[in-house]
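Heads up: the structure comes next, in C-alpha cells.
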Amino acid sequence: MFPLKWLRRSGIVAGSPNQETGRIGEELAEDYLRRRKGFRILVRNWRAGRDEIDLVAREGKVFVFVEVKTRRGDGLVPGYFAAVGKRKRAALCRAVKAYLRGLPEKPATFRFDVVEVNLKAAPKDRVLHFENIPLFPKNFRVR
C-alpha cells in the first residue's frame, strides 16, 4: 500500500479535504461574482512563488483581487475576520505587486475584496461579498 502523501503528490489522489473545500468555494465565489455582480474573471489561483491570489477580476475598469474563504459549517469566527492576518496580508501584497508588475499597462484603480462561502448555509445566504477591504497601506506602490 502506498502512503496517501505519495499518492497525492503523484496526482493519483486529489488534494486534502481542505483543498477540495477551498476549490468548491472558489468555484462558487467565481460563479457569484460573474453572474450576480457582473465581474469578468481574469485569472484563478494566480501564483508568484509561494504567494497566491485566489481570483483576479475586473469590475468595469477596476481590477479586483479576491481572497476566498470557505467554511464547511458554522464556525466560531466568520471567514471574513479570519481571512487576512498579518502574514496573509504581506503575502497578498507581494502577490498583487508581482501581478501588477507583469501587466503591460497598469490599471488606474484596484482594490481587494473578500468572498466568504459557507457551504452549510441556505443557497441565498451561502456567499457573502465584502468589497474594498483595506489591505494595502496608503503608500502602496508598484515598482
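The values are calculated or read from the model by the stated rules, or taken from the named source; none is laboratory data. Every value quoted in this text rests on a predicted model; they were computed, and no experiment measured them. Positions of Cβ are generated from backbone atoms using ideal geometry, with glycine treated the same way; all protein chains shown enter the neighbour counts.
Tabulated data
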{"item": "Index of the failed condition, Arg58 passing every other in (1) at pLDDT 95 or above; (2) in contact with a helix residue (DSSP H, G or I) (Cβ under 6 Å, 6 or more places away or on another chain); (3) of a type outside the set (Gly, Ala, Ser)", "result": "(2)"}
{"item": "Residues of the stretch 111-128 satisfying the condition of being touching a residue at least 24 places away in the same chain (Cβ under 8 Å), of a type outside the set (A, V, I, L, M) and either out of contact with any Leu (no Cβ under 7 Å at 6 or more places or on another chain) or assigned to a loop (DSSP other than H, G, I, E, B) (or both)", "result": "Arg111, Asp113, Asn118, Lys120, Arg126"}
{"item": "Positions within the stretch 74-96 being in a helix (DSSP H, G or I), of a type outside the set (Gly, Ala, Ser), surrounded by 14 or more Cβ atoms within 10 Å (Cβ to Cβ) and at pLDDT below 65, in sequence order", "result": "Tyr80"}
